[in-house]
Every structure is written in structure tokens, then in C-alpha cells.
């Protein structure tokens with residue numbers, strides 16, 4: 001009996017050790033990025049690398065001084081908020097209709113669209129948007145990013161709508177409520193937390209998306225992600241500013257994801273796994 | 001009388017439901033279906049240097065068959081796919097088991113574990129570019145302090161694909177782990193209890209009971225990762241743009257460059273349609289595998 005307890009304790013120790021190891025491997029690169037962003041410029045490229053230094057904000061100041069960082073950030077915000085709003089506007093009623101009717105092809109259609117490589121759409125978009133002079137417009141960027149947000153909203157919300165007992169709707173129907181009214185007054189308040197999670201996930205993935213803005217934006221509408229090249233060009237000599245840019249770009253999605261971490265897995269697998 | 005009334009409400013309801021999905025469907029058709037048809041048409045066109053467009057028949061596709069860069073890109077894509085998926089599944093399952101046996105997971109720990117795949121891949125690329133710098137990077141310093149030779153990482157033609165696979169695995173292994181963890185948590189505990197009573201060793205229990213029961217979840221994770229891995233773009237484009245030389249020129253990178261750097265829209269369309277067929281083919285194959293291992 002004592003032996004078994006000893007083995008048990010050993011196994012638990014071994015497990016904790018592995019957990020710590022995994023945690024270090026996962027965290028170390030991010031920590032290094034953040035640390036480097038606060039290092040004085042002569043120390044960022046020091047070799048051997050230093051862990052102890054007097055932190056400074058000079059990289060962040062340098063970044064906002066030498067690049068239009070704030071206007072890139074504003075562009076990112078406009079495109080991300082716009083595409084998330086569009087995804088919710090189209091996605092919420094569609095998810096509700098799919099859940100109610102069990103006719104799933106609209107949901108599958110949006111997902112299939114999400115599985116193809118983005119360049120497949122980007123080629124015709126580029127040709128078409130150029131013809132109507134929309135390259136570089138917020139509209140083109142928001143529309144293209146809504147292709148990312150729409151399936152996220154629909155597939156994250158489907159299980160939430162499915163979980164509402166049908167009797168709730170049937171009772172409302174007997175009372176003469178129209179379908180739209182049922183969605184607005186009864187279903188949406190019931191899945192409010194699901195809507196919040198889908199909105200945050202849509203925001204994160206729209207914010208993170210690289211390819212479309214690379215081609216469809218211009219100097220005035222360039223998003224932070226598409227502008228990353230500018231920072232790298234500068235970063236060849238200035239790692240500090242590069243890491244400051246990387247830290248700032250990663251901050252919004254990381255903060256938002258931390259808010260909904262508990263519901264993330266089922267949301268991220270588009271309902272394939274109940275987390 | 002009441003029958004007609006019922007059909008009437010039913011018809012009305014159908015109409016209202018159609019109206020609710022209509023915006024999403026119309027949007028997807030306008031933004032995806034129509035452009036894809038257009039891409040198929042573009043795949044049969046050539047564009048001269050002056051931008052003049054003419055019908056080319058299957059010329060783009062016959063060019064593709066004889067294009068060494070296409071076959072190279074296909075090979076790079078498959079190599080990166082196999083290497084990354086293997087790394088992420090093996091370490092993902094390991095990490096899931098470790099997390100499963102940890103007593104409880106505070107929210108802050110969970111937030112830290114998901115942080116790699118919630119940050120933009122572009123940021124992951126920027127951060128690893130600095131860490132893996134051949135002359136001043138922290139990675140080589142760590143190697144050297146263990147007495148190992150430094151590496152050129154992303155700057156080495158032979159190591160660039162394994163290095164990119166490593167970066168992507170750093171980002172997405174926790175994601176695979178969380179999916180597998182979800183699968184582990186949904187397994188009935190009675191299974192383990194039976195194995196324990198039979199005196200099975202932990203390893204045997206894993207090999208004979210846990211793993212087979214987990215297979216459908218693992219295949220789900222594999223599908224979700226495959227879609228991203230076969231159209232790999234962000235990390236490569238930000239770190240190497242397909243280089244050094246053409247050593248990391250995956251099909252998606254190659255197609256993008258043909259389209260938007262060389263402006264050969266017709267040939268790029270043919271390349272992208274081929275890549276799309278590969279992605280959907282892989283998803284269908286994995287789906288078959290999933291039904292084969294379902295229980």
C-alpha cells in the first residue's frame with residue numbers, strides 16, 4: 001500500500017515536471033519577444049543575449065516616430081470591427097435558420113469557402129476590384145475579411161441555438177410570434193454569451209489575417225499585419241522596434257482570447273469537439 | 001380549414017427562414033462561388049505583358065505539368081505538411097495527456113497555453129526570425145552553451161522547411177492538445193477502471209484502450225490542421241518569401257508570387273485550383289478515415 005502511494009507521488013511529480021517543461025517551451029519565445037521590446041537598442045543585439053537589463057520604452061517611441069504605426073492600427077481596427085459586424089449581421093440569422101430548419105447546406109457552403117486557399121479568391125477579387133477601382137478601399141478589405149468571420153460566427157453559434165429547447169419556440173409560435181421576432185426577442189438573448197464568443201473569435205481571426213490586406217490595401221489603408229514588412233525592413237538593424245511592433249500587434253487578440261479561453265476549444269473546432 | 005391555415009403558416013415560416021439565411025448565402029455566392037467560377041475561367045486565359053487577355057485552352061495546365069517549380073512546390077508543400085502534422089499530433093497527444101493528469105487548470109494557465117495560436121502567425125514569424133538569427137539569435141546561443149554547433153535555421157536551404165515546421169508546431173501544438181484533451185475528458189471513466197482492475201500497465205492502457213478511443217478526435221484535429229498546412233503561407237511569406245532560393249516555395253507561396261509578383265493571373269489561377277483540389281482531396285480522405293475509426 002505504501003509502495004503504491006509512493007509510485008503515485010512519483011507519477012504526479014513526473015507529470016508536474018512535464019507540465020512545467022511544456023509551459024516553458026510554449027511561453028519562452030513570447031517572453032523573449034516582450035523582453036526584447038523593452039531592451040535598450042544596444043542590448044537587443046547583444047551576444048551572448050542578456051536577461052537582466054534596465055527596461056526602456058525607447059523602442060516603442062522609436063516605432064511611433066519612424067512609422068505610421070497608429071494609422072496602421074486604426075486601419076486594422078476599422079477592417080476588423082467592420083468585418084466582425086458584417087459576419088454577425090449575416091451569420092446570426094443564418095445560424096438560427098440552419099438550427100431551426102436542420103437544412104445545413106448554407107452553413108456547409110460558408111465553411112467550404114473557408115477551407116480553400118485564400119489566393120484562390122484573391123486572384124479574381126484583385127481583377128474585379130481593380131476594374132471598379134476599389135483596390136485600397138476599406139469596403140474591399142471589410143468584404144474580404146467577412147469571408148473569414150462569417151463561417152466562424154455561424155459555426156460557433158450553431159451549437160448554442162441547437163441547445164435551446166424547441167418548446168420555447170413552439171410556445172412563442174402559438175402566441176403568433178413571427179420567426180424574425182422569435183430570433184430577436186427570444187433566441188438571441190438566450191445565446192448572448194455564444195454571440196460574444198463568436199464575435200471575439202471572429203475579431204481575433206480577422207485581426208490576424210494576413211493575405212487579403214497584403215494585396216487589397218494601399219498605403220492609406222494598410223493594416224498592421226500587412227505592414228509587418230515595413231517593420232522587418234527597419235528591423236534588420238533594429239530588433240527592438242521590430243519586437244515592439246510584434247508585441248503591440250499580438251496584444252489585442254491575446255487579451256481577447258484570454259477573456260473567452262474557457263469556451264475557445266469548442267468554438268475553434270467549429271463545433272467538431274465539445275470542449 | 002385549419003389544415004390550409006397550418007400549411008399557410010408553414011409556407012410563411014419557410015419563407016421567413018429562407019429570408020434569414022439569404023444574406024449569408026448571397027454574400028458567400030457573390031464573394032466565393034462567383035469568383036471561383038471566374039478563376040476557373042481565368043485558368044483558361046493568358047495575359048500578355050500589355051494586359052491583353054486571350055483564350056489559351058489548356059495551355060496553363062500543360063505548362064503546369066512541365067513546370068519544374070510546380071513539382072518542387074508540391075514536394076515542399078507535402079514535406080512541410082507531413083513533418084508539421086506529425087510533430088503536432090505526437091506532441092499534441094503528449095501534452096494532452098500531461099494536461100489531463102494535472103489536477104486542475106487555472107484560467108491563467110489555460111490562457112498562456114492558447115497564446116501561441118491566438119497570436120497572428122505573422123507575429124510568430126517576426127519573433128522567431130529574431131530568435132533564430134544565425135549570428136545573434138538566442139537559439140544558437142542556447143545550442144552553443146550545450147556544446148552543439150550553431151545552425152543557419154531559416155537561412156539554410158536544407159533546414160528551412162524543418163525550421164518552418166518547428167515554428168508552426170510551436171504555434172499549433174497547444175491547439176491540437178486542447179482538442180485531444182476534450183476527447184480525453186469525454187471518454188467514459190469506466191473504461192479505465194476496468195483496465196485497472198485487470199492490472200494493465202499505464203502504457204498498455206494507453207496503447208490498447210485510450211488511443212483507439214481517441215482516434216476519431218485525433219483525426220478531427222488532423223483535418224483541421226491539414227487545411228491550414230496544405231495552404232501554408234503566412235510564416236513563410238513573412239520570414240523567407242519562399243527562400244533561400246526556392247527552398248521554401250510552397251504551392252500557395254508560388255501561386256501567390258506568380259499572380260501578384262509576376263502578374264500571370266491565368267497561370268496562377270490554374271495553380272490555385274490545383275492546390276484547392278489537393279486540400280479538398282485531403283479533407284475527403286481524412287473524413288473517410290474518421291468514419292473508419294469511429295466507435
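Every number here is computed from the coordinates shown, using simple stated rules; none is lab data. Owing to the predicted nature of the structure, the values given are computational and were not obtained by experimental measurement. Here the Cβ positions follow ideal geometry from the backbone for every residue, glycine too, while neighbour counts run over all protein chains shown.
Quick notes on this one:
- When chain B is treated as a GNM with alpha-carbon contacts under 10 Å, the residue of B:233, B:81, B:206 showing the greatest mean-square fluctuation is B:206.
- Computed E for residue B:187/residue B:241 - FRET, C-beta separation, R0 41 angstrom, nearest 0.05: 0.40
- Computed over the stretch B:113-183, relative contact order equals 33 percent, with contacts defined as Cα pairs under 8 Å that lie 6+ residues apart.
- Peptide A:253-259, shielding by other chains (average Cβ, 10 Å cutoff): 5
- Averaged over the residues of peptide B:277-285, the number of Cβ atoms from other protein chains lying within 10 Å of each residue's Cβ is 1.
- Sites residue B:203 and residue A:5, calculated FRET efficiency, Cβ-Cβ separation with R0 35 Å, nearest 0.05: 0.95
- Using C-alpha pairs below 8 Å separated by at least 6 residues, the relative contact order for chain A is 28 percent.
- Counting Cβ atoms of other protein chains within 10 Å of each residue's Cβ and taking the mean over peptide B:164-172 gives 1.
- Every Cα-Cα pair of the stretch B:3-42 was included, and the share exceeding 14 Å stands at 62 percent.
- Only helical runs count toward this figure. For chain A, summing -39,500 (n - 2.57) over DSSP H runs of n ≥ 4 and dividing by all residues gives -23500 deg cm²/dmol at 222 nm.
- For the stretch A:1-137, the fraction of C-alpha pairs farther apart than 19 angstrom is 78 percent.
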